[in-house]
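*Asks:* Before we start, here is the structure in question, set down as structure tokens.
The values are calculated or read from the model by the stated rules, or taken from the named source; none is laboratory data. Nothing here was measured: the structure is a model prediction, and the numbers come from that model. Here Cβ is always computed from backbone atoms with ideal geometry, including for glycine, and neighbour counts include all displayed protein chains. The accessibility values were calculated without ligands, DNA or RNA, using every heavy atom of the protein model including side chains. Shrake-Rupley method; radii C 1.70, N 1.55, O 1.52, S 1.80 Å.
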Amino acid sequence: MTSPVLPSHGRARPLGLAQVTLTGGFWGDRQAVNATATLAHCEAWMERLGWLANFDRVADGTTGPDRPGWSFSDSEVYKLLEALAWESARTGDPEAEAAIKRLTARVAHAQDPDGYLNTCFGHGDQPPRYSDLEMGHELYNTGHLLQAAVARLRTHGEDDLVRVARRAADHVCRTFGPGGLDGICGHPEIEVGLAEFGRALEDKRYVEQARLFLDRRGHGRLRDIPLGRAYFQDDVPIRQADVWRGHAVRALYLAAAAVDVAVERGDDELLRAVERQWEHSVARRTYITGGMGSRHQDEGFGEDWELPPDRAYCETCAGVASIMVSWRLHLATGDVRYTDLIERTLYNVIATSPSADGRAFFYANPLHQRVSGKPADPDEVSPRAEAGARAAWFDVSCCPTNVARTLASLHGYLATSDDDGLRIHQYAPCEIRAELPGGRPVSVDVETAYPESGTVRVRIAADADAPWTLTLRVPAWAAGATLTEGDRTRPAEPGLVSVRRAFRAGDEIVLDLPMEPRFTWPDPRIDAVRGCVAVERGPEVLCLESRDLPDPGGLDSLVVDPRAVPRAVPGGAVVRGRVLDLAGRAWPYPAGPVGAAPGEWFDVRLAPYHGWARRGPSSMRLFLPVSSDQPPPQGE
Ligand SMILES: [Zn+2]
């Protein structure tokens, strides 16, 4: 089986990547751009910046402390290798295969005889190995190497990359195993890499080493830093923590590993701990986009309800990591709230990052851009995460390769199987050719223009000998959905809806999801957006760009009428709004509420947030202030 995550057991089983083919549509198009543009783009930048040559310099003995790139630049090569492995298997593209061989050869030459592999430490005048566990990222890099090797092992079998990874993993186990160095890496990742590598090789030693790293964390083994030990989750043991805190990507990679270890060891206490952390963090520390991370200072979670739209960090990598956690929790429990959050994050974080041509990316994904960004120079490295425009590459460039590996394996996240049938969680035009336990084949084609349209047509492609169950996810937002079999239509409540029978080729099940745009009201405890509404349509959150206003300067002083239901228009929605005349105010704190001095009401055009800034620089907001002379509707 080929899949990024293959637990030995669980309530849901992922389908193999070879069993699902995206045939176009929203995600198929993005996957194709990733294949034809993003992968080569990433390799070209890493060549240009010397991140690839770092491996050559270790091999020929010429490296030193002056090497280019941050201590984690090796991991970008490994994430690209992972993406290439999924891509090579998906399409058989000879260029992807050639790139794997070319990159693997350079990586392999840099490996020390004892298995240690890192271009930043331990060679020439560089700092000694493991001399900066807090910030050195050595084990983090190795974790990504192991994930790349898992992709290669499952799509191709043993090769040089897998052999390199095995030696590196054995080195880690020898160095940090029982009786060895009592340390952990400041950036979790080795844990999730070891756990999956152990599954792929059916070698429990690696899973056990992952467990050891997990349980060592949270006891203050890492040096205290100005951001505090919560930054790297070394403040509270993971079994005792109630919420995600600190650096968001670190917290989420750690949680993903904890689910893996919990499942492989039958450790229900650990699994419950991650579920508890997910619940609290999703209820109080997550943006409407699914984005996570409220603070730029530490790329981290804020306190409960600390969700400012303009200072939202919402790193693209945190979106990837959130999907990693939710997918693992779904496979373990079968609970659809996890696949609901995956959908939200896919459409509003993952889809937002890359440009249409796949050669520029958002790193941070704020919900409010007050000042138009400058167009990014496609030939320049962006020194900053926040820019207001997608950048070709970053000084810290973790996000592009993370998007690349996610899109290359995205078809693995659409559906699962269980003992009795097939469950489809994400709707995209695709062909599914799977096998149920006992070797019973199931074969369905999905036709849909989702999310532009809410009609999802599932056509059975082959006769079945015996009854099986087709289950479809009805998203939490989709109250009023219906399911049609033949000439019978019935309501489909949010959650799961199933049809069981001995299907015949040509049978059709049609799920209709209501796609009327809708207002969404933030919890009043989220102070930063109190008195505002958002508009969502299906799984997409909509936003307003200044370029869609008659006067772009009106973005700051626009208010909307909450009694006028948003109307659908091609490509988005319109709401009723007006721009308050607030000019000439010398002091922004008057004695009474601002309410008078209204402008004319007009139709305000909103479009999906994931497409913002594609037409050029713009200011943008997602939460829209409610007009104060119109009381907001009652209710929750
Ligand atoms: Zn990133």
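*Asks:* Ranked from the most accessible area to the least, with a 1.4 Å probe and all protein chains present, what is the order of GLU343, GLU380?
*Replies:* Details: GLU343 5, GLU380 105 Å².
Solvent-accessible surface, decreasing: GLU380, GLU343.
*Asks:* Let me ask another. Rank by packing, highest mean first: peptides 367-376, 317-326, with packing defined as the count of other Cβ atoms within 10 Å averaged across residues.
*Replies:* Numbers: 367-376: 17.7, 317-326: 27.5.
Highest mean packing first, the order is 317-326, 367-376.
*Asks:* If each residue of separation counts as 0.36 nm, what is the full-extension length gain between ASP561 and GLU435 once their alpha-carbon separation is subtracted? Intermediate values should be presented prior to the final figure.
*Replies:* Working: separation 126, 0.36 × 126 = 45.36 nm, distance 5.18 nm.
So the extension gain works out to 40.2 nm.
*Asks:* Right, here's the next one. Put a dot 7 Å past each Cα toward the Cβ at ALA591 and ASP419; how far apart are the dots in nm?
*Replies:* Placing both labels 7 Å beyond Cα along the Cβ direction yields 7.5 nm.
*Asks:* P(r) for segment 282-347: what percent of alpha-carbon pairs falls in each 10 Å bin, starting at zero?
*Replies:* The distribution over segment 282-347 is 23, 51, 23, 3, given as percents.
*Asks:* Please report, to one decimal in angstroms, the Kirkwood hydrodynamic radius of segment 136-251 built from all distinct Cα-Cα pairs. Don't skip to the end; give the middle numbers.
*Replies:* On the way: mean 1/r = 0.0688 Å⁻¹.
After inverting the pairwise mean of 1/r, the radius is 14.5 Å.
*Asks:* Taking only protein heavy atoms into account and a 1.4 Å probe, give the accessible area per residue of the chain in Å². Don't jump to the answer; show the numbers that get you there.
*Replies:* Values: 23530 Å² over 636 residues.
Averaged over the residues of the chain, the accessible area is 37 Å².
*Asks:* Calculate what fraction, in whole %, of the accessible area of segment 490-557 sits on carbon and sulfur atoms when a 1.4 Å probe is rolled over the protein chains.
*Replies:* Numbers: 1430 of 2910 Å².
Summing carbon and sulfur atoms, their accessible area is 49 percent of the total for segment 490-557.
*Asks:* Of all DSSP beta bridges located in the chain, what percent are antiparallel, nearest 5? Write out the running numbers ahead of the final one.
*Replies:* Working: 70 of 77 bridges.
Close to 90 percent.
*Asks:* May I pose another question? Can you tell me the relative contact order of segment 272-383? Whole percent, Cα pairs under 8 Å, sequence separation 6 or more. Numbers along the way, then the final one.
*Replies:* Details: 142 pairs, mean separation 27.9, N = 112.
Normalised by residue count, the contact order of segment 272-383 is 25 percent.
*Asks:* Can I ask one more? Take ALA105 and HIS280, extend 7 Å from each Cα along the Cα→Cβ direction, and tell me the distance between the two endpoints in nm.
*Replies:* Modelled inter-label distance: 5.2 nm.
*Asks:* Compare the peptides 14-23, 464-473 by average per-residue count of other Cβ atoms within 10 angstrom and give them in order, highest first.
*Replies:* Working: 14-23: 20.5, 464-473: 17.3.
Ranked by mean Cβ neighbours within 10 Å, highest first: 14-23, 464-473.
*Asks:* With r as the distance between the Cβ atoms of THR36 and ALA583 and R0 = 35 Å, compute the FRET efficiency 1/(1 + (r/R0)^6) and round to 0.05. If you can, show how the numbers build up before the last one.
*Replies:* Working: r = 49 Å, r/R0 = 1.40.
It comes to 0.10.
*Asks:* Here is a follow-up. Which three extents, in angstrom, do the Cα atoms of segment 1-146 have along their principal axes, listed largest first?
*Replies:* 51, 36, 25
*Asks:* So how compact is segment 558-599: Cα radius of gyration and Dmax in angstrom?
*Replies:* 14.2, 43
*Asks:* Where the Cα atoms of segment 159-202 are projected onto their three principal axes, how long is each span, largest first, in whole Å?
*Replies:* Its Cα atoms span 31, 18, 17 Å along the three principal axes.
*Asks:* Can you give the local net charge around CYS430? Use residues other than it whose beta-carbon is closer than 11 angstrom to its beta-carbon, Lys and Arg +1, Asp and Glu -1.
*Replies:* Numbers: positive: ARG433; negative: GLU431, ASP445, GLU447.
Net of charged neighbours comes to -2.
*Asks:* For segment 508-549, taking Cα atoms only, what is the radius of gyration to one decimal and the Dmax to the nearest whole Å?
*Replies:* Values for segment 508-549 (Cα only, Rg and Dmax): 14.4, 47 Å.
*Asks:* Note the direction-averaged projected area, equal to a quarter of the hull surface, for the Cα convex hull of segment 405-555, in nm².
*Replies:* On the way: hull surface 50.4 nm².
Average of the hull's projected areas for segment 405-555 equals 12.6 nm².
*Asks:* Calculated from DSSP H runs of 4 or more alone, at -39500 (n - 2.57) each and per residue, what is the 222 nm mean residue ellipticity of the chain, nearest 500? Spell out each step's value before the answer.
*Replies:* Values: 14 runs with 195 residues, N = 636.
The helix contribution divided over the chain gives -10000 deg cm²/dmol.
*Asks:* Run the numbers on the chain and let me know its relative contact order in percent, using alpha-carbon pairs under 8 Å that are six or more apart. It would help to have the intermediate numbers written out before the result.
*Replies:* Numbers: 1380 pairs, mean separation 80.3, N = 636.
Computed over the chain, the figure is 13 percent.
*Asks:* If packing is taken as the mean number of other Cβ atoms within 10 Å per residue, what is the order of 440-447, 603-610, highest first? The partial results should precede the final answer.
*Replies:* Values: 440-447: 18.8, 603-610: 21.6.
The most tightly packed comes first, giving 603-610, 440-447.
*Asks:* Could you give the spread of the C-alpha atoms of the chain along their three principal axes, from largest to smallest, in whole angstroms?
*Replies:* Between the extreme Cα coordinates on each principal axis of the chain lie 74, 71, 46 Å.
*Asks:* Identify the trypsin sites (Lys or Arg not before Pro) of segment 1-52 meeting these criteria: DSSP loop state and at most 10 other C-beta atoms within 10 Å of the C-beta.
*Replies:* Numbers: sites: ARG11, ARG30, ARG48; in loops: ARG11.
Counting only loop positions with at most 10 other Cβ atoms within 10 Å, none of the trypsin sites (Lys or Arg not before Pro) in segment 1-52 qualifies.
*Asks:* Where does the Debye-calculated log10 I(q)/I(0) of segment 435-508 sit at q = 0.17, 0.25 Å⁻¹, using only Cα point scatterers of equal weight, no solvent?
*Replies:* Scattering profile of segment 435-508, log10 relative to I(0): -0.70, -1.28.
*Asks:* Let me ask something additional. With +1 on the Cβ of every Lys and Arg and -1 on the Cβ of every Asp and Glu, and nothing else charged, how large is the dipole of segment 531-590 about its Cα centre, in debye rounded to the nearest 20?
*Replies:* Details: 7 positive and 8 negative charges, 41 e Å.
Approximately 200 debye in magnitude.
*Asks:* Once label points are set 7 Å from the Cα along Cα→Cβ at both ARG174 and VAL381, what is their separation, rounded to one decimal in nm?
*Replies:* Placing both labels 7 Å beyond Cα along the Cβ direction yields 3.4 nm.
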